[in-house]
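See below for the structure under consideration.
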Amino acid sequence: MSYDPTRTPSPLLSDLPPLGMKASDLALDFRQYFGHTLGRDQHGTPPHCYYTALAMTLRDRLVERWKRTDAAYNASGCKRTYYLSLEFLMGRALSNAMLNLGVTDGATEALGKLGLLMEEVASEEHDAGLGNGGLGRLAACFLDSCATLQLPVTGYGIRYEYGMFRQHIEDGHQVEEPDHWLRNGNPWELERPEFTQRIRFGGRVDHFRDADNRLRVRWVDTHDVLAVPYDIPVPGYQNGTVNTLRLWKSAATDEFDLSEFNAGSYTEAVAAKNKAEHISMVLYPNDASENGKELRLRQQYFLASASLQDVLRNWTRDEGADFSRFAKRNCFQLNDTHPTCSVAEMMRLLMDDYGLGWSEAWEVVSSTMAYTNHTLLPEALEKWPVRMFQSLLPRLLEIIYEINARFLSEVARRWPGDAARLARMSIIEEGAEPQVRMAYLAVVACFSVNGVAELHSLLLQQDLLNDFYELWPRKFNNKTNGVTQRRWLASSNPGLSGLITETIGEGWATNLQQLRKLIPYADDAAFHAKWHQAKQENKRRLAALVSADCGVDFNLDAMFDVQVKRIHEYKRQLLNILHVIHLYDRIRRGDTANWTPRCVLIGGKAAPGYAMAKTIIKLACNVAAIVNADPACAGLLSMAYLPDYRVTAMEVIAPGTDLSEQISTAGKEASGTGNMKFMMNGAVTIGTLDGANIEIREEAGAENFFLFGMTANEVEANRRDYRPLNLIAADPDLKRVMSLLQSGYFNQFEPGAFDLVIQSLTDYGDYWMTVADFRSYVEAQCQAATAFQNREQWTRMSILNSATSGKFSSDRTIQEYSRDIWQLASVPAQAVGAQPKGEPA
Ligand code: 26Q
């Protein structure tokens, strides 16, 4: 059949009757997908087929709303924002889709009538684990809030074939296993090959004069790769809006194969194809920068280039090469420095492909790009060897040099003769192996630079980026992180959210400050009883998870003391473990008067190459084994290490937690977001004055927070003459803890297993000041234990924490981004079933 481009398909193709939302409508579609599309019956069907049929049923309803949202955005000519991120840690989509479509009960009923259990069907879904931790999950919460606020925001990311590795614990050691999350297909994604982009690598730069004798540049002899988009629907909460997360998959170009074939080299052609497809193969599992890995830089440029070309193609289709109004209509938010190649890539596209001059192009770039920083650790700032940039992205390096030259002359004008400052601020770090400093490139090019909690933003201005703050104070701002209450309370904690809704109504789902209406109930005995009951049911669910995955029994009347997050020295899981050893030592010495039974849960993944983090996991596992096996601890203390901590596990963990451990060295955790999920679910925090903990304590009130430890200022002031050995010697409790560790009590048949950890505290000066905060941590833990014994007092604290967590909704965060940085207006979509304007019924 030959293709006739003049033939227009009938409009009937996009004029479908609305899909029914009742249980019976859902059941019928489910049966059709199950029986026809998937071709199954009730015999011997793999369980994931039930999940897929339900997902397809829901997806159709999402697609209806997706098209209308797209149409509304296009018709309004609104400004749009693109959230560029190497990570989107979405977790499962099914419950979220049901909640946001308002069909949770209907779908559950439909399955029930077919003899299926929603919980079982939903458990078939693999987490979309396309992120490491906080930064990736933040991107996912932000997308949820943007859709709920009906803001025209598109997420751009990479469709990794393998997400965050699955973690097994064998003999106390972390073992990584690949996460082949797409094995059973992904019903939520829509492949859009028609929007494929071509991405260039390598080659060389050719400067030439065009027909008008203008100096032009072209990037030639490149090795190209295709970027194929896969779109994921992002539904808003019961509002008819469905936004887009567009993920790029890498693929080989056709002619690349051909040219190699023509050269007669079949195997080289296959190897080249392989290399192209490698780009989107795997997520880097390191949540601090993995320095100097070429494939990682390829990923970053791949995302930047594909996404920008996509946006520019849409722009030029409507506006041609006129970019004068581009900044009025478009904004890019860079999720950390990972997509910062965008700065240079946008310059390249505007100048080399669309013919803009430098100043014109710079005006566009520097008025559309905004940067969010997520770390205060100088060693985690991204740097790339100039040599690698030169060979992989030669044209971008040229542009970066030019940006730097112009920037440094501005610095020199402002601070004449200050050579030290020029070297400090240069985007290029000189040395044996010169490096591109990505954070500096981002700060120079972006009109907004924000931190993710008050303290973090302050420290960025005062320390890490102080030189830049002096130059451009107005670029700097704070956007305290938040999390979506739809996933982290409404969907994951039906017991508590049912109670909340029956008490104050359902408005909190889109306006979390309404939780304050619970404050008067903090002293209501009948409400206390229901709150406690909901918490106990959640603890039962958490205990079942711990029992199934760790083989440890948690006593529901004990305090559930939980720390789940990536394993890092600065997060100080070690401090938590030292405290458990201290409690164990007290039990052994019979010091158990007025004891509060406690179940300690630790979970999280270590970067595969991070030896210290892996040793900390091993230590937690060995201490847990000794504690749990000792009859003296029975009923007083248990401990478990939860393997494979991920989004779906947190949905069970946060609701069942009494005490939330947020114990990082002050000044090191940019914000934290797990702390917010726990608070919302009525856990009380034990924490340092770090990241968003400070704001959590402000909201909850000091009396509803267990504070300990040095402040960020004290940490830096005390560093100079810090002597951990003296502190250990002066503290009998800590001395006994260290003796137990050093005696090999926890590693009887594994000599030396914990030397790394022990030495870090003693011989290597305890950089994270674990020893310095030990005493005040133990005291705060004692206060928490005492408070827990008074059920009324504890329940009151629990209610007040949840009631004052309103600030930590990502809806609030996104409203601030939208107001201060993006300047977006919300654009509602036409309701499904409503008649389009101007057409008769
Ligand atoms: C960079 C280069 C090469 C390879 C990997 C990376 C990389 C990947 C992930 C570097 C950092 C990350 C993730 C960082 C992260 O999750 N930071 C956390 O962000 C949260 C959201 O703002 C904060 O709440 C946490 O405090 C912060 O640690």
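The values are calculated or read from the model by the stated rules, or taken from the named source; none is laboratory data. In this text, all values refer to a predicted model and were calculated from it rather than measured experimentally. FYI the Cβ positions are ideal-geometry reconstructions off the backbone, even for glycines, and counts take in every protein chain you see.
Structure data summary
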read-out	value
Qualifying positions in region 357-383 - over 28 Å from D463 (Cβ atoms) and surrounded by fewer than 16 Cβ atoms within 10 Å (Cβ to Cβ)	G357, W358, S359, E360
Wholly enclosed helices (runs of 4 or more DSSP H) of region 336-410 bearing at least 2 residues of a type in the set (S, T, N, Q), at pLDDT below 95 and closer than 28 Å to R317 by Cβ	none
Residues of region 147-171 satisfying the condition of being in contact with a helix residue (DSSP H, G or I) (Cβ under 8 Å, 6 or more places away or on another chain), closer than 23 Å to L334 by Cα and in a strand (DSSP E or B)	V153, G155, Y156, G157, I158
Residue within region 18-38 that is of a type in the set (D, E), within 27 Å of V242 (Cβ to Cβ) and modelled with pLDDT under 95 present	no
Residue pairs meeting the criteria (Cβ under 7 Å; at least 6 apart or on separate chains; first of a type in the set (S, T, Y), in region 321-344; second within 12 Å of the ligand (Cβ to nearest atom))	T337/E382; T337/M438; T337/A439; T340/M438
In region 760-799, the residues that are over 19 Å from K530 (Cα atoms), among the hydroxyl-bearing types (S, T, Y) and either touching a residue at least 60 places away in the same chain (Cβ under 8 Å) or in contact with a strand residue (DSSP E or B) (Cβ under 7 Å, 6 or more places away or on another chain) (or both)	S760, Y767, T770, S776, Y777, T786
Residue in region 189-203 that is at pLDDT 95 or above, closer than 27 Å to T244 by Cα and within 16 Å of the ligand (Cβ to nearest atom) present	no
Given (1) within 16 Å of the ligand (Cβ to nearest atom); (2) part of a helix (DSSP H, G or I); (3) of a type in the set (F, W, Y), index of the condition W508 fails	(1)
Selection count, region 671-696, where residues are assigned to a helix (DSSP H, G or I) and away from the ligand (no atom under 16 Å from the Cβ)	0
Wholly enclosed strands (runs of 3 or more DSSP E) of region 185-290 bearing at least 2 residues among the aliphatic types (A, V, I, L, M), out of contact with any Gly (no Cβ under 9 Å at 6 or more places or on another chain) and at positive phi	none
Condition check for S85: among the polar types (S, T, N, Q), surrounded by 21 or more Cβ atoms within 10 Å (Cβ to Cβ) and modelled with pLDDT of 95 or more	yes
Residue satisfying all of: in region 624-652; touching a helix residue (DSSP H, G or I) at 6+ places or on another chain (Cβ under 6 Å) and in a helix (DSSP H, G or I); farthest from R166 (Cα to Cα) among these	A632
Sole exception among (1) surrounded by 23 or more Cβ atoms within 10 Å (Cβ to Cβ); (2) more than 13 Å from the ligand (Cβ to nearest atom); (3) assigned to a helix (DSSP H, G or I) for G709, by number	(3)
Residues of region 439-456 classified as within 10 Å of the ligand (Cβ to nearest atom) and hydrophobic (A, V, I, L, M, F, W, C), total	2
Residues being touching a Cys at 6+ places or on another chain (Cβ under 9 Å) and either within 9 Å of the ligand (Cβ to nearest atom) or not hydrophobic (A, V, I, L, M, F, W, C) (or both) - total across region 275-309	4
When residues of region 720-755 are limited to those that are at pLDDT 95 or above, assigned to a loop (DSSP other than H, G, I, E, B) and within 37 Å of the chain's Cα centre (by Cα), the one surrounded by the fewest Cβ atoms within 10 Å (Cβ to Cβ)	G752
Candidates A361, A344, A370 - the one that is under 21 Å from the mean Cα position of the chain (by Cα) and on the phi < 0 side of the Ramachandran plot	A370
Condition check for L441: among the hydrophobic types (A, V, I, L, M, F, W, C) and under 21 Å from G134 (Cβ atoms)	no
Long-range neighbours under 6 Å by Cβ, at least six apart or interchain, first residue farther than 17 Å from E402 by Cα within region 431-451, second assigned to a loop (DSSP other than H, G, I, E, B)	F447/S367; N450/K479; G451/N373
First in region 288-317 and under 30 Å from E569 (Cβ atoms), second anywhere and part of a helix (DSSP H, G or I) and near the ligand (Cβ under 9 Å from one of its atoms), Cβ under 8 Å, 6 or more apart	A288/A380; S289/A380; E290/R296
Members of region 645-670 that are away from the ligand (no atom under 13 Å from the Cβ), polar (S, T, N, Q) and over 15 Å from the mean Cα position of the chain (by Cα)	T657, S660
Failed item, numbered, when V386 is tested on (1) crowded, with 21+ Cβ neighbours inside 10 Å; (2) under 23 Å from L349 (Cβ atoms)	(1)
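Here is a yes/no grid of residues against (1) buried (at least 22 other Cβ atoms within 10 Å of the Cβ); (2) without any contact (Cβ under 8 Å) to a residue 60 or more places away in the chain; (3) not in a loop (DSSP other than H, G, I, E, B):
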position: N801; (1), (2), (3): yes, no, yes
position: I814; (1), (2), (3): yes, no, yes
position: Y817; (1), (2), (3): yes, no, yes
position: D820; (1), (2), (3): no, no, yes
position: G833; (1), (2), (3): no, no, no
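One line per residue, one yes/no per condition, for (1) farther than 30 Å from G744 by Cβ; (2) out of contact with any Phe, Trp or Tyr (no Cβ under 6 Å at 6 or more places or on another chain); (3) surrounded by fewer than 21 Cβ atoms within 10 Å (Cβ to Cβ):
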{"position": "P473", "(1), (2), (3)": "yes, yes, yes"}
{"position": "L489", "(1), (2), (3)": "yes, yes, no"}
{"position": "S492", "(1), (2), (3)": "yes, yes, no"}
{"position": "W531", "(1), (2), (3)": "yes, yes, no"}
{"position": "V562", "(1), (2), (3)": "no, yes, no"}
